[in-house]
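Please read the structure below before turning to the comments.
None of the figures in this text is laboratory data; all of them are computed from the coordinates on show. Just so it is clear, the structure is predicted and the values come from calculations on it, not from any experiment. Quick reminder, even Gly has a Cβ in these numbers, built from the backbone with ideal geometry, and neighbours come from all protein chains shown.
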Amino acid sequence: MNPVGQPLHQRPLTTKLILAGILGLILFVMFQIAPQLLSSSDGDTAILSKSEIREKAAAFAAGQLGYEAAAGDEWVILYKTDSSFYGYMSREKLLPDYSKNKLDQRYPFDVYHAVLYTSGEAAARLAVDLNMYTGEPVAFAVGADADAASGLNYGERPTVATKRNDTANPVSSIPDLSLEAKERLALPWLKLWGTNPAKLKIEANLDGYGLVYSDNSVTIGELPLKYQFNYLNGEVSYFRAGFSAPAWHDTYVDGQTSLAKKLTLFGYGLPTLLLGILAMIYGILRRKHTSWKRGIFLSSVHFLIMMVSSYNVVSESGSGSAEARVTAVVMFIIYVLYSLLMSLLLYFSLVGGDGLWRSEEKLNPWPRASEPGYGHYVLKSIQAGYIWAFILLGVQTVMFIILSYTLDNWSTTDASQSPYNMKYAWLLPIVAWLAGLSEEAVYRLFGIRMLKKLVKNTLIASLITTLIWALGHTLYPIYPVISRPIELTVIGLLFSYIFIRYGFIAVMFSHVVFDSILMGATLIFMQDKVNVGAGIVTIILPFIVGYLVYRFNPPREPKPVEPFSTP
């Protein structure tokens, strides 16, 4: 960082630092990008578009479920995943076998969930799960089961407890079908799926409403293939062929999720709220050393991006009922209030952090655009940001390898964070700008100097704020949950080092570039032209922004001196 009042200059990039960045990028490509490219090249087809899925779902509904399209019908397509089963395979190192035996094609854990709504009705009429690559149906549900299944994770089966919420089809009205009647109704569907009934055995006969077959000739790990049926009004109302994670695995995940929620609340949420209050206080106390106007633009941009991002991740709903409209309005108000709160936290962190460093350290962590050399300083900061982002990607890759051997960590899928469920997947990378701006302002610009007032040591202050930041990432589907904070503690300490050495602008860009590369790669792996193009733009966008700032803030020529003449 530059001393207050001194000309702006950025630390030069040494040859060793550039080589470290190149090495980090190579490690990242070798261990994170190349494996996904190789696995994606094994597939014969790309993921189908949602319009193609709609057509295939409608054809199945008409051909097999006897439902012809009517005026006012609307198909809503969502991405769903059996995160429990995928997590079990990831944990037990079974994913290569699942793909090698082509089980992922016939019994996919990732599906498109097509739900049919009719005009003015809140409940779904029917639902079909389809293979994302081939469009082949892999499960279906009708009536109350369709509405219940739409609110469940893929792989979960609608149960009696779920149906109790359906007043039109109370449990007491379900006829008590005999086992023979259930098997007779199930037989046509088993044949349609190409199953040999002779290989099946009854695993569970759920009184009145359900039947589960298992096929021990098709297994993955300790799990046999299962065929699950529900019945309603004397007909099959739900069918799915696939695998289900064992109970011990789900119990472990539930325990880890409970731990993650506690760590997020007490280790991240409350300390971050306290930092926000302190930022407001110190913004007022140090107002002579900073400006209340400076944070307005960045905080406004942050609020706008948060609103766009929130809108982008809201799931589709085909229900046009009054209840659905009220829910949408309530959710919108919640998003607005939350976005406003986070933007205010950013604003006071910018003002308070800038004031603290200037008043107590006599350092200039966040230069003003009016200062001489600002444009060149920003250009050098973005260059440092890219090099350090490459280093961070390499460090993250090494941390993944270390944690895989020491903690045997594993991850699973999460439909709520998937770009396939966003209205516009190509908007995903705007989250990188949110993280880079807000997190570096709260936990580095303000947090480090605030904590240093208490602990009198920069390293300890950096460690405390880094731990708070790291614990905010425990709800990601990575297990054991403690592995994520360990990884991010190392990453966060490096962010702290970048901030102290290069200033706020450089660390903000390094964070944005780091996340943009990860999210840009995600879009590129989606394979369609729009998202591939968006992914490439995402990776180079931070440089474009930095370069534009440089161009609009050219070096100022010194003012000409008036010639002095003697009388």
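The packing ranking, built from the mean of other Cβ atoms within 10 Å per residue, places the peptides 514-521, 345-352, 305-312, 146-153 in the order 345-352, 514-521, 146-153, 305-312, highest first.
Counting beta carbons within 10 Å around each of PHE266, PHE332 and listing the fewest first gives the order PHE266, PHE332. Span-like helix criteria (full DSSP H runs; alpha carbon extent of at least 27 Å along the helix axis; mean Kyte-Doolittle hydropathy of at least 0.5) are satisfied in the chain by 294-313, 322-356, 374-406, 483-502, 504-525, 529-552.
Panel order for LEU19, LEU78, by other beta carbons found within 10 Å of each beta carbon, from fewest to most: LEU19, LEU78.
A simple spin-label model places the labels of PHE266 and TYR67 4.7 nm from each other, with each point 7 Å out along Cα-to-Cβ. For region 6-95, GluC sites (Glu not before Pro) are listed when DSSP marks them as loop and at most 14 other Cβ atoms sit within 10 Å of their Cβ; the list is GLU68. Annotation: lysines with alpha-carbon distance below 30 angstrom to LYS380 (same-chain offsets under eight excluded): LYS16, LYS288, LYS293, LYS362, LYS452, LYS559. Take the Cα of ARG11, step 7 Å toward its Cβ, do the same at ASN196, and the gap between the two points is 6.8 nm.
Note down the Stokes-Einstein diffusion coefficient of the chain in µm²/s, whole number, using a Kirkwood radius over alpha carbon pairs, 10 °C, and 1.306 mPa s. For these conditions, the coefficient is 59 µm²/s. Look at PHE525, PHE303 and count the other Cβ atoms within 10 Å of each Cβ; fewest to most, that gives PHE525, PHE303. Amide H contacts of GLY373 (H built 1.01 Å from N, in plane; Pro and chain starts excluded): ARG556 sit under 5 Å, all sequence-distant by 5 or more or on other chains.
The count of lysine pairs in region 49-246 with alpha-carbon distances below 14 Å, taking only pairs 8 or more places apart or on different chains, stands at 5.
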